[in-house]
Amino acid sequence: MVQVEWGLHRAGNGWKIIDVVVEGISLAVTCRSEVSTVIGSHGGRVDGLLEVLRKKTALAGTHDASAWSAGTLSPVKRRSILRGRLG
């Protein structure tokens, strides 16, 4: 059995998933670490990250920049996070 946990944030009248943790590995933490590594490898420049993201997007066959911005969330307050668990 695989353990899956998720974090939710109240957004308007509904909820949005803000993190998924599979077997103790957080998608949000992993992404944050990858972003930090890419920025660091480009001399601390965010434009280096943007360049990498554009290349990955092109390889995936989509050039729709709105897909990146559609998932943005305002800062999450601890009291608005719920944790769920499967498994």
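Below is a table of values for the structure above.
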quantity: Cβ pairs under 8 Å, 6+ apart, first in region 22-48 and part of a loop (DSSP other than H, G, I, E, B), second surrounded by fewer than 12 Cβ atoms within 10 Å (Cβ to Cβ) and not hydroxyl-bearing (S, T, Y); calculated: E23/V2; E23/Q3; G24/Q3
quantity: Checking D19 against (1) in contact with a helix residue (DSSP H, G or I) (Cβ under 6 Å, 6 or more places away or on another chain); (2) modelled with pLDDT of 90 or more; (3) in a helix (DSSP H, G or I), the condition it does not meet; calculated: (3)
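The values are calculated or read from the model by the stated rules, or taken from the named source; none is laboratory data. On a predicted model such as this, the values are computed, not experimentally measured, just so you know. For neighbour counting, all protein chains shown are included, and Cβ atoms are generated from backbone atoms with ideal geometry for every residue, glycine included.
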